[in-house]
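The values are calculated or read from the model by the stated rules, or taken from the named source; none is laboratory data. Here the structure is a predicted model, which is why all the values come from computation and not from measurement. Positions of Cβ are backbone-derived with ideal geometry, glycine not excepted, and every protein chain shown enters the neighbour counts. The area values use the complete protein model at the heavy-atom level, side chains included, leaving out ligands, DNA and RNA. Shrake-Rupley method; radii C 1.70, N 1.55, O 1.52, S 1.80 Å.
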Amino acid sequence: QVRLVESGGGSVQPGGSLTLACEMPDASWTMSSVGWYRQVPGKQREQVAQINSIGTKYYRDFAQDRFTISRDSTKKMVYLQMNSLKAEDTARYFCKSETYDVWGKGTQVTVSS
């Protein structure tokens, strides 16, 4: 079964930065529509950002100006650069191939002083 693999989570202080990475099965998956989501226990999973097949990027309001989604097809990776992190960004972050409807298992991000 094809799965995506996230990495890069961890603990960081407020104001800090993290870059999450999502390993895709191959370059074609990388160049398809991919989204980053997050979920806090007891709450619904919510989309954070998305990049589509032609490179158009979409961000939720809370991610605008702080987060950047990008991709590198040569490395089969999709990234989420997160800056100016806040305590409310604490969540488990998942990547999803929107085109193929496949999820990763997620990586935990904790923002705390």
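General observations
- Scanning residues 5 or more positions from Lys86 or on other chains, those with amide H under 5 Å from its amide H are Gly15, with H placed 1.01 Å from N in the peptide plane.
- Comparing Pro41, Pro25, Pro14 in a Gaussian network model of the chain, where Cα atoms under 10 Å apart are tied by springs, the biggest mean-square fluctuation is seen for Pro41.
- Whole-number D in µm²/s for region 1-56 (Stokes-Einstein; Kirkwood sum over Cα pairs; 20 °C, 1.002 mPa s): 161 µm²/s
- Computed over neighbours whose Cβ is under 14 Å from that of Ser53, the net charge equals +1, Lys and Arg +1, Asp and Glu -1.
- The Cβ shell under 9 Å around Gly106 holds other residues with a net charge of +2, Lys and Arg each +1, Asp and Glu each -1.
- Whole-Hz ³J(HN,Hα) from phi, Karplus 6.51 cos²θ - 1.76 cosθ + 1.60, for region 89-97, glycine and proline x: 7, 4, 4, 8, 9, 10, 10, 9, 7
- Relative contact order of region 1-67, defined on C-alpha pairs under 8 angstrom at six or more residues apart (%): 20 percent
- Estimated purely from DSSP H runs of n ≥ 4, each contributing -39500 (n - 2.57), the mean residue ellipticity at 222 nm for the chain is -500 deg cm²/dmol once divided by its residues.
- Selected from Gln50, Gln64, Gln39 as most flexible by GNM, with the chain as the system and alpha-carbon contacts under 10 Å: Gln64
- Kirkwood-type radius of the chain, with distances r between different C-alpha atoms, in Å: 13.8 Å
- Inter-probe distance in nm under a simple model that places probes 7 Å from Cα toward Cβ, at Ser17 and Val5: 2.6 nm
- The heavy atoms of Glu88 present about 120 square angstrom of accessible area, all protein chains included, probe 1.4 Å.
- The heavy atoms of Tyr100 present about 100 square angstrom of accessible area, all protein chains included, probe 1.4 Å.
- Between Gly42, Gly55, Gly15, the residue with the greatest mean-square fluctuation in the GNM of the chain (Cα pairs under 10 Å linked by springs) is Gly42.
- Relative contact order of region 15-113, pairs being alpha-carbon contacts under 8 Å that are 6 or more residues apart, as %: 34 percent
- 9 Å beta-carbon shell around Val5, net charge (K/R +1, D/E -1): 0
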